[in-house]
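Here's the structure we're looking at; comments come further down.
The numbers here are math on the coordinates, done by the rules we state, and not lab data. Computed from a predicted structure; not experimentally measured. Methodologically, a virtual Cβ is constructed for each residue, glycine included, from the backbone with ideal geometry; neighbour enumeration extends over all protein chains shown.
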Amino acid sequence: MTTFEGRVALVTGGSSGIGLATAIGLARQGAKVLVTGRRQEALDKAVNTHVNVAGLIADVADPGDARRTIDEAVGRWGRLDLLVNNAGAGAIMPLGEADAEAIAGIVAVNVVGPSILAREALPHLAATKGCIVNVSSTFGHKAGAGLSHYAASKAALEHLARCWALELAAQGIRVNAVAAGPTESGALTGMMGLSAEQAAALEAAEREQIPLGRRGRPEDVARWILNLADPACDWVTGQVISIDGGLGLT
Ligand SMILES: NC(=O)c1ccc[n+]([C@@H]2O[C@H](COP(=O)([O-])OP(=O)(O)OC[C@H]3O[C@@H](n4cnc5c(N)ncnc54)[C@H](OP(=O)(O)O)[C@@H]3O)[C@@H](O)[C@H]2O)c1
């Protein structure tokens, strides 16, 4: 499979879950892929999955890391065709427990970081007529109790995709988003901060609620990130595609 042969992709948070499945999918189809994350050990494992995958320690919450990240991809392979804004932050945080630092932390990773990375990627994406895919959530457009700041930040990420699509169309840059439903990954015990027991209870509740009767696999979501990035989709921009087993319909 050679759909992405000769192309270069950057996947933030590419050492686990949806980001790793995306990186492997792109690499198998010929792309050179730079994945970022904060932990070296996880990056090393990701790099070992495919010869086309390289890793870089970089924190999306640190605007100073954006230029360095783009430079690393372009310095290695000479171009950039795809930015996948996948790394995310969140918390189950009822309003009564919300504090400014926690809210700012979520917005830094889900809104500010992707924006600064996209800005730094712009000249390179314009040169390749490349594209951006933002990774949102069902809760970017569906209300969720206790999830307001995560959900609002993902709503912002979806709307950034629409606005950027309009703004960048004249440069030939496409921008879309996928809105993932509950997916098997490290997210519940990782970024959402749940204990193993809390995560298991939530997963069981989610399986009950999802019309198609199961949680997603990272590959279910990654497939659509690849589809949106596929040059054959070159008339699709400004769209948010829900990959959630129908959860958004409930
Ligand atoms: N899983 C779900 O149910 C679900 C549902 C809807 C949407 N999503 C969205 O899908 C995206 C990926 O989530 P996932 O479920 O695949 O999570 P995951 O398995 O926990 O993986 C998260 C990845 O992002 C990296 N990461 C986290 N914070 C980062 C930061 N500040 N800078 C750079 N890298 C960072 C992690 O590595 P380090 O920890 O080493 O940095 C890891 O590689 C997120 O945007 C999430 O909101 C997930």
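With respect to the chain, whose longest principal axis is taken over its alpha-carbon atoms, helix 113-128 is tilted by about 30°. When Rg and the Kirkwood Rh are both derived from Cα coordinates, the Rg/Rh ratio for segment 1-115 amounts to 1.03. The stretch between GLU219 and GLU5, if pulled fully straight at 0.36 nm per residue, gains 75.0 nm over its current Cα-Cα span. Report summary: the helix-based calculation at 222 nm, which adds -39500 (n - 2.57) for every DSSP H run with n ≥ 4 and divides by the residues of the chain, gives -13500 deg cm²/dmol.
In plain terms, the C-alpha convex hull of the chain casts an average shadow of 12.6 nm² when viewed from every direction.
Looking at the chain, the DSSP beta bridges with both ends there are about 0 percent antiparallel.
Taking every Cα-Cα distance in segment 190-249 and sorting them into 10 Å bins starting at zero, the pair-distance distribution P(r) comes out as 19, 37, 30, 12, 2 percent. Peptides 238-248, 67-77, 17-27 ranked from most to least packed give 17-27, 238-248, 67-77, packing being the mean of other C-beta atoms within 10 angstrom over each peptide's residues. Full extension of the segment from ALA126 to ALA201, taken as 0.36 nm per residue of separation minus the current Cα-Cα distance, would add 22.4 nm. Less than 5 angstrom separates the built amide H of SER136 from those of VAL178, ALA179, ALA180, all sequence-distant by 5 or more or on a different chain. The lysines within cross-link reach of LYS32, meaning a Cα-to-Cα straight distance under 30 Å and a gap of 8 or more places when in the same chain, are LYS45, LYS129, LYS154. Its Cα gyration tensor gives segment 69-183 an equivalent ellipsoid, and the semi-axes of that ellipsoid, as √(5λ) in whole Å with the largest first, are 29, 15, 11.
With no solvent and one point on each alpha carbon, what is the Debye value of log10 I(q)/I(0) for segment 133-214 at q = 0.24 Å⁻¹? The Debye formula, applied to the Cα set alone, gives -1.18.
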